[in-house]
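Trainee: Below you'll find the structure I mean.
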Amino acid sequence: MNLSAPQGSEVVDLKERARSSRARIRTPHGDIVFSFFPDDAPHHVAAFLKLADAGFYDGLRFHRVEPGFVVQGGDPRGDGTGGPGYHLKAEFNARPHVRGTVAMARSSQPDSAGSQFYICLDDARFLDGQYTVFGQMTDGFEALDAIRRGDEMTSVRIEQA
């Protein structure tokens, strides 16, 4: 799958759509649902919507699970090194890393995020201001807590909130 990062009017359109949308990640343990922060991270939100709409995340696995910290997925290689073929410029914001926060993973380079994202299992305020927070869970905490390394994201869909 060869996708490009959203640009120009595509970012504007996806950002507006995100205002009334939420993501639903289906897992073997139940659904994880989160809303978006399109004003705080417009390019990251737009990129996530575009990837989800294209089916990019369907069937990918959570490749990292750190109990009491985060679960991470979105890597097509499944080993923490893959991405969509592009990088996003960091959109660090004032949103805190609390239980259920959804943010983009990156390397040591701030502008290296792509498709990999993480969800906080607990508060992780030491990450504040260093990663792009683009969403917050609203439902499915039992499913989140049950995620284990290798569990599949059966599907990731964007739906009306």
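The values are calculated or read from the model by the stated rules, or taken from the named source; none is laboratory data. The model shown is predicted, which means the values in this text are computed figures rather than measured ones. A quick note on method: Cβ atoms are made from the backbone with ideal geometry, for glycine too, and the neighbour counts reach across all protein chains shown.
Trainee: What are the pairs with Cβ atoms under 6 angstrom where one residue, in region 35-54, is touching a residue at least 24 places away in the same chain (Cβ under 8 Å) and the other, located anywhere, is crowded, with 21+ Cβ neighbours inside 10 Å and part of a loop (DSSP other than H, G, I, E, B)? Sequence gap at least six, or different chains.
Mentor: So the pair list comes out as 41/132; 44/132; 45/38; 46/6; 47/6; 50/6; 51/115.
Trainee: Also, quick follow-up: If a residue has to be touching a residue at least 60 places away in the same chain (Cβ under 8 Å) and closer than 21 Å to residue 80 by Cβ to count, how many in region 123-145 make the cut?
Mentor: The number of residues fulfilling the criteria is 5.
Trainee: For residues that are of a type outside the set (Ser, Thr, Tyr), over 22 Å from residue 4 (Cα atoms) and in a loop (DSSP other than H, G, I, E, B), tally how many sit in region 80-123.
Mentor: 11
Trainee: Also, I was wondering about something else. Examine region 145-155 for a residue that is of a type outside the set (Asp, Glu), more than 19 Å from residue 79 (Cα to Cα) and in contact with a helix residue (DSSP H, G or I) (Cβ under 6 Å, 6 or more places away or on another chain), and state whether such a residue exists.
Mentor: No, that holds for no residue.
Trainee: Moving on to the next point. Do you know which residues across region 1-25 are within 13 Å of residue 159 (Cβ to Cβ) and either of a type in the set (Ser, Thr, Tyr) or crowded, with 18+ Cβ neighbours inside 10 Å (or both)?
Mentor: Correct list: 18, 20, 21, 22, 23, 25.
Trainee: Out of the residues in region 128-152 that are among the acidic types (Asp, Glu) and in contact with a Lys or Arg (Cβ under 7 Å, 6 or more places away or on another chain), which is farthest from residue 49 (Cα to Cα)?
Mentor: 151
Trainee: Restricting the first residue to region 108-121 and requiring it to be over 15 Å from residue 70 (Cβ atoms), which pairs with a second residue that is surrounded by fewer than 20 Cβ atoms within 10 Å (Cβ to Cβ) and of a type in the set (A, V, I, L, M, F, W, C) meet a Cβ separation below 6 Å and a spacing of at least six or different chains?
Mentor: Short answer, once both residue conditions are applied: 110/90; 111/90.
Trainee: Check residue 1 against each of (1) modelled with pLDDT of 95 or more; (2) assigned to a loop (DSSP other than H, G, I, E, B) and name the one condition it does not meet.
Mentor: Unmet for residue 1, out of (1) modelled with pLDDT of 95 or more; (2) assigned to a loop (DSSP other than H, G, I, E, B): (1).
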